[in-house]
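Heads up, the thing below is written out as structure tokens.
The values are calculated or read from the model by the stated rules, or taken from the named source; none is laboratory data. Keep in mind the model is a prediction, meaning the values are calculated, not measured. Every residue, glycine as well, gets a Cβ built from its backbone with ideal geometry; the counts of neighbours run over all protein chains shown.
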Amino acid sequence: MGDIGRGITARNPVWVVPLALPIALFASTTWEMALLFSIGVSVTVIVTHILAIPVERWLPPDLAIVAMLITGGVVITLAERVLYVSGIVPAARPLFLFRAISVSGVMLWPALIGSRTEPVTRRLNRVIGLVLGFVLGLLGLTLLRTSLIAYGFIPAGSLPFGLVVLALGRMAANRFMEVSRERRGGKEHGE
Amino acid sequence: MSLGTLLLTAAFAQNVILVHFLGPWPFPVLLASLRRSVTFSLGITGALVWVSTVYALLFHLVLRPYSLEFMATFVLLTVLAFSYLLWTRIAVTVYPFSARAIGRAMPVIFLNTTVFVVPMALAEAVEPFWFIPLTALAAGAGLFLAVVPVAAFYEHLSTARLPRVISGNVIILLATALFALALYQLDVLLATAAYPLW
């Protein structure tokens, strides 16, 4: 499985690796928020990595995170201006979260675990995989929660319910991985 | 709003983990042991107080007077980047034999959702200025009170013989949900004191 596939499945930042949980729990209660965050986070994360990679390689290794943060700051500020000019102004908390998650979750993670010698395409594939995993994971969670809210199950919008749903998702992922491991073991044993 | 109400709000009614889940990342690594959760919670609390104070100074002295609030993200990220560098160097100078551990811990302490959201909200919503570090400290205390019991719960259960399907993050998510539900009951009592900070 390639890096993009792993970002969507085995390292999904919503359902498997609890990387983008704050935003997933917050934005999955309405479709408007889910779409705003899906598009906004995807664009800012991918553009930031494309711009930060050459700067990171040019600076000394201990300044790599600084390059990523400052590049991210510029890109997110520009994204906010675009939202503002197009008449979309998120209220204070969504705006803070948009800034926060763009940087702390999906944006920094590939930079922190990546190495400076890693090929650019590999790093970008990991970033794209994470972004796709984030968008698909968020939309799946939104579908579940908004459907339950639409049927009158009000607690579906609460934080504890969101955490329980994610725990159930993780249990399903654990079970899936366990079964695949057993099948692989069985095949090797057969051979 | 009085200081007492503000501190109660920051620590309980608007608890960064159990009410809003502004989770520090990587949450499971943070909760791997009780000792680690205490160390990281204290580190994040220190980072919260430092970053909130420095950012609020810049917000009130530069951004607001010159109508540059739209640059808030850039300024906060610059503050975070240089705070991260400064404190990493200080820590490595004081503990030179723990340089690798410090290198792994500092991103968790400085680069997480709590440390991004809280300073932005405090700079815009809290006055007078000297309330800001105290409120950040209260938010850190709230984080401590959420993270340490969840870590204790996790540490206790991780030694039990549980099915593999509920191992790892599942226990953490369920434990956090239980504690969040418990705080929700307290939150109803504190509803009169609540003020939407973040």
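No other residue among A:Ile76, A:Ile50, A:Ile39 is β-branched (Val, Ile, Thr), farther than 24 Å from B:Val115 by Cβ and without any contact (Cβ under 8 Å) to a residue 60 or more places away in the chain apart from A:Ile39.
Need pairs with beta-carbon distance below 6 Å; first residue touching a residue at least 12 places away in the same chain (Cβ under 8 Å) and within the range A:160-171, second among the aromatic types (Phe, Trp, Tyr); sequence gap 6+ or separate chains. That search, which allows pairs on different chains as well, returns A:Gly169/A:Trp15. Scan the range B:81-106 for residues that are out of contact with any helix residue (DSSP H, G or I) (no Cβ under 6 Å at 6 or more places or on another chain), under 16 Å from B:Gly43 (Cβ atoms) and either within 10 Å of chain A (Cβ to nearest Cβ) or among the β-branched types (Val, Ile, Thr) (or both) and the total you get is 6.
One line per residue, one yes/no per condition, for (1) in contact with a Ser or Thr (Cβ under 8 Å, 6 or more places away or on another chain); (2) away from chain A (no Cβ under 14 Å); (3) among the polar types (S, T, N, Q); (4) within 30 Å of B:Leu68 (Cα to Cα):
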| position | (1), (2), (3), (4) |
| --- | --- |
| B:Asn112 | yes, no, yes, yes |
| B:Val117 | no, no, no, yes |
| B:Ala141 | yes, yes, no, no |
| B:Phe144 | yes, yes, no, no |
| B:Phe153 | no, no, no, no |
| B:Val165 | no, no, no, no |
| B:Ile172 | no, no, no, no |
| B:Thr176 | no, no, yes, no |
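Of the residues in the range A:79-89, at least one is surrounded by fewer than 18 Cβ atoms within 10 Å (Cβ to Cβ), at negative phi and modelled with pLDDT under 65.
So, A:Pro22, is that one in contact (Cβ under 8 Å) with a residue 24 or more places away in the chain, not aliphatic (A, V, I, L, M) and not in a helix (DSSP H, G or I) or not? Taking the combined requirement at face value, the residue does not satisfy it.
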